[in-house]
1. Note down all Cβ pairs under 8 Å where the first residue falls in region 48-74 and is farther than 14 Å from residue 26 by Cβ and among the acidic types (Asp, Glu), the second is part of a strand (DSSP E or B) and at pLDDT 95 or above, and they're at least six residues apart or on different chains.
2. I'm trying to understand the selection: among the residues of region 6-61, which are more than 13 Å from the chain's Cα centre (by Cα), assigned to a helix (DSSP H, G or I) and modelled with pLDDT of 95 or more?
3. Conditions first: (1) of a type outside the set (Phe, Trp, Tyr); (2) outside any loop (DSSP other than H, G, I, E, B); (3) surrounded by 14 or more Cβ atoms within 10 Å (Cβ to Cβ). Residue 69 passes all but one, so which condition is the exception?
4. All but one of (1) surrounded by 12 or more Cβ atoms within 10 Å (Cβ to Cβ); (2) of a type in the set (A, V, I, L, M); (3) over 15 Å from residue 2 (Cα atoms) hold for residue 20; which doesn't?
Amino acid sequence: MLEYYPLEYAKTVLLEIIRVLKPEGHCFIDIPNPNRPYAQEREWIFVYNLEEFEKMVISLEWLILARNNAGYMLQYLLFKP
């Protein structure tokens, strides 16, 4: 659901997840793959630059444990040490 909001708001959402997540918790999120037609054809979603998105995630001290290409979505498994 992050794709319905600008990247700055997605950052706010990830900060809130950190706040409520148990210590050393995991989080699973997905975003549209910007390289797939699904993302390119939809004007109502925000398509994130992957480098900027991952840099933002890392800046919040999340570790990206896995990134999976699942059709038109990219799935991330995040860990907060």
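1. Listed pairs, sorted by first residue: 54/64.
2. Answer for region 6-61, where residues must be more than 13 Å from the chain's Cα centre (by Cα), assigned to a helix (DSSP H, G or I) and modelled with pLDDT of 95 or more: 16, 18, 19, 20.
3. Every listed condition holds for residue 69 apart from (3).
4. (1)
The values are calculated or read from the model by the stated rules, or taken from the named source; none is laboratory data. These numbers come from a predicted model, not from an experiment. Heads up, the Cβs are rebuilt from the backbone with ideal geometry, glycines too, and the neighbour counts pull from every protein chain shown.
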